[in-house]
Amino acid sequence: MKPILYGVLLMVAFAQSISASEADLSPLAVVNKRMDAYNQHNLNAFLATYAETVQVYTYPDKQLAGGKAHLQSIFEPMFKEGNVAVKIHQQIEKDSYVINHETVIHADKKTDYVSIYKVVDGLITEVRFVRDM
């Protein structure tokens with residue numbers, strides 16, 4: 001009886017660790033997962049890093065996008081074109097924030113950003129882009 005009970009407990013613990021694994025990722029790991037999906041033009045993996053209610057701003061508070069569906073409408077055409085990439089120059093992680101110095105290349109145009117990502121429970125909930133206009 002005890003071996004069966006131990007087996008069941010082990011399976012339950014293993015199942016819980018798999019379902020909690022995304023939420024257990026560090027903010028830096030979540031942001032890097034986003035960057036990898038971006039460079040692979042993998043829309044589903046890219047969107048999976050965001051909360052449904054994500055808010056995106058040009059720093060400090062000019063809203064660019066609200067919600068995952070809005071992000072999909074922006075990035076889906078870019079990913080289908082296949083001529084977009086991001087290069088990370090530096091990263092800083094502090095609590096639930098990740099700050100990147102990054103260059104985005106789209107249609108042979110390079111734009112430098114400082115991007116501030118807020119990650120809560122394994123999902124990006126807010127992004128603020130600092131860039132020269």
Among the residues of segment 101-122, count how many are in contact with a helix residue (DSSP H, G or I) (Cβ under 7 Å, 6 or more places away or on another chain) and modelled with pLDDT of 95 or more. 4
Of the residues in segment 55-79 that are among the charged types (D, E, K, R) and surrounded by 11 or more Cβ atoms within 10 Å (Cβ to Cβ), the one that is farthest from TYR38 (Cα to Cα) is LYS68
If we keep only residues of segment 113-128 that are of a type in the set (Ser, Thr, Tyr) and within 14 Å of the chain's Cα centre (by Cα), then the residue surrounded by the fewest Cβ atoms within 10 Å (Cβ to Cβ) is THR125
Residues of segment 90-112 being under 13 Å from VAL31 (Cβ atoms) and surrounded by 13 or more Cβ atoms within 10 Å (Cβ to Cβ), in sequence order, are GLN91, GLU93, SER96, TYR97, VAL98, ILE99, ASN100, HIS101, GLU102
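The values are calculated or read from the model by the stated rules, or taken from the named source; none is laboratory data. Just so it is clear, the structure is predicted and the values come from calculations on it, not from any experiment. In this analysis, Cβ positions are derived from the backbone assuming ideal geometry, glycine residues included, and neighbour counts consider all displayed protein chains.
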